[in-house]
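Asks: A single structure is presented below for examination.
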Amino acid sequence: MHLKHKKPAEDTEKHDFAALTVKFKMQPPINYKLITFDPYHSQFVLEKNALAVGTSYAFEVNVSNNTAVSSESGQCAGCAVTQTLRFETEEPPRSGNMSVTPGVGLAEVTEFEVNLDGWHSRNYPLNVTFTCQKTVIGSISMTKEQSTFNRLFTKLPVTSMIEATLIDSLGQIAVANVKVVVNEPLHKPSGGSVRILPSKGYAQSTLFTLSVGDDWHLDGQRNLQYRFWGLRTLNEHEDHIALTEPYPYSGHQSNHTMRLPNIVAVDAQVFGTTGESAYYRVAVSVANLLPPNITLSLESNWVVVQGKTVVSVTLENG
């Protein structure tokens, strides 16, 4: 006999076998299959996901006698026997949170802390597996007493989410996830060259040629740019002066001719679309044309000498 039932909580199932009446009742109601039934044996199979987690159930069987009173059989009409099976379902790990610090980083560079907090279970230990894009990145074991072991320190691949699978000692599973932003690492430009000719000169007088070579590259990126900075000193408080605006890097040697202020070195900054920069420093000696205690002034009176315009220049000892 095959029966499948979906019944309200108050319903019972009744089967008559000659003088016996058998009634079944489940509280709260669930879906089940009655595989076999006879006066001596019954087998029930619960449907998948029929039981709710963390719930108490009562399964009641009532067997009553329908026959008339008989001294020979000893049977009693209306007599009944009831037995109740009570059980409680387990529940998977619950009520927890998952977080990651920092929330943004670089693949295989930034170290992230993945934290599980507030998880509870009746069945410790909890074995936790962390994955990114179906790839296992680490695992931990959580016990009720050792709450400090609920975190993982790891570097991550490029991803937008971390997932944790918690399995208790009975094999029950809970899944948690947290969003994270892990970008490709910022590769610095490399392999480039910079030249300055001449290497010595006078401030605002000598014409210098600043050149970037054709050998700069940046992994996976195009649209490189470069610019030049001047340094007045090389101590810990380096004073940078912008010598040029950013220029697009064409992949060929580029030359820029200019007069320079009083500086001791030039930094060539090469950078890509991510903003990550590489610096190439070249020493240069750009001295002041006049001694430091001499100042130059131009008089405002112009005179014409033999058809030539002459500016009167005065050097004053400071």
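The values are calculated or read from the model by the stated rules, or taken from the named source; none is laboratory data. All of these numbers come straight from a predicted model, not from anything done at the bench. Quick reminder, even Gly has a Cβ in these numbers, built from the backbone with ideal geometry, and neighbours come from all protein chains shown.
Asks: Could you say whether any residue in segment 72-87 is surrounded by 14 or more Cβ atoms within 10 Å (Cβ to Cβ) and modelled with pLDDT of 85 or more?
Replies: Looking for residues that are surrounded by 14 or more Cβ atoms within 10 Å (Cβ to Cβ) and modelled with pLDDT of 85 or more, one finds none in segment 72-87, hence no.
Asks: Return the only residue of 188, 144 being of a type outside the set (Gly, Ala, Ser), in a loop (DSSP other than H, G, I, E, B), touching a Phe, Trp or Tyr at 6+ places or on another chain (Cβ under 8 Å) and modelled with pLDDT under 90.
Replies: 144
Asks: Report yes if residue 43 is at pLDDT 80 or above, loosely packed, with under 11 Cβ neighbours inside 10 Å and outside the structural domain of residue 158 (by TED's automatic domain parsing), otherwise no.
Replies: Judged against the criteria, residue 43 is not a match.
Asks: Test of understanding: among 129, 159, which residue is surrounded by fewer than 16 Cβ atoms within 10 Å (Cβ to Cβ) and either touching a residue at least 12 places away in the same chain (Cβ under 8 Å) or touching a Pro at 6+ places or on another chain (Cβ under 8 Å) (or both)?
Replies: Unique residue meeting the criteria: 129.
Asks: Among residues belonging to segment 104-126 that are among the aliphatic types (A, V, I, L, M) and surrounded by 17 or more Cβ atoms within 10 Å (Cβ to Cβ), point out the one that is modelled with the highest pLDDT.
Replies: Of everything passing the filter in segment 104-126, 114 is modelled with the highest pLDDT.
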